[in-house]
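This report refers to the structure that appears directly beneath it.
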Amino acid sequence: MSKTIKNFGRTLFDKGYYKKLFSKQTPGNRIAPPRTEDARLELRIDAGEVINGKKRVYLQVNSQAKTKALKEFIKKYGTHANLAVGEIDEDTPEAERGDEFQRLFSSLHEQACSKLG
């Protein structure tokens, strides 16, 4: 399971999808990746509310998930349940955004693995 989550984070970083985390979004909307990646990546990050420049983000499972543990999570909790929750500073200087994403994703990864067992 950890491999699926790590692959998701690596893809967000390598394809630059993580940069969208620092843009303004409407709470409840998808941040990344684009829907065309749903089946392959199995996960997504949705936007939450922004309080004092800190945006809450939610790691959620896509309905097309193929991995057994993710399919079981969907069956039990649905596709809008949060696998992990984190915060990111929208005002992070551009030069530090990669590091800020890595910090966030480390927390999301740990929470998700703990929740999935």
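Assuming R0 = 25 Å, what is the FRET efficiency of K68 and R35, from their Cβ-Cβ distance, to the nearest 0.05? Before the final figure, lay out the partial values.
Working: r = 23 Å, r/R0 = 0.92.
Using R0 = 25 Å, I get an efficiency of 0.65.
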If you bin the C-alpha pair distances of the chain every 10 Å from 0, what whole percents do you get? 14, 51, 30, 5, 0
The chain: calculated mean residue ellipticity at 222 nm from DSSP helix runs of at least 4, using -39500 (n - 2.57): -12500 deg cm²/dmol
Could you give the length gained on full extension between V85 and C113, defined as 0.36 nm per residue of separation minus the Cα-Cα distance, in nm? 8.8 nm
Sequence order, the range 73-83: Karplus ³J(HN,Hα) from phi using 6.51 cos²θ - 1.76 cosθ + 1.60, θ = phi - 60°, Hz rounded, Gly and Pro as x, gives 4, 4, 4, 7, 10, x, 7, 9, 6, 8, 6
Expressed in angstrom and rounded, the centroid-to-centroid distance over alpha carbons for the range 37-64 and the range 7-23 is 11 Å
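Values quoted throughout were computed directly from the atomic coordinates according to the rules given, and no laboratory measurement underlies them. The shown structure was predicted, so the numbers you read here are calculated from the model rather than taken from an experiment. For neighbour counting, all protein chains shown are included, and Cβ atoms are generated from backbone atoms with ideal geometry for every residue, glycine included.
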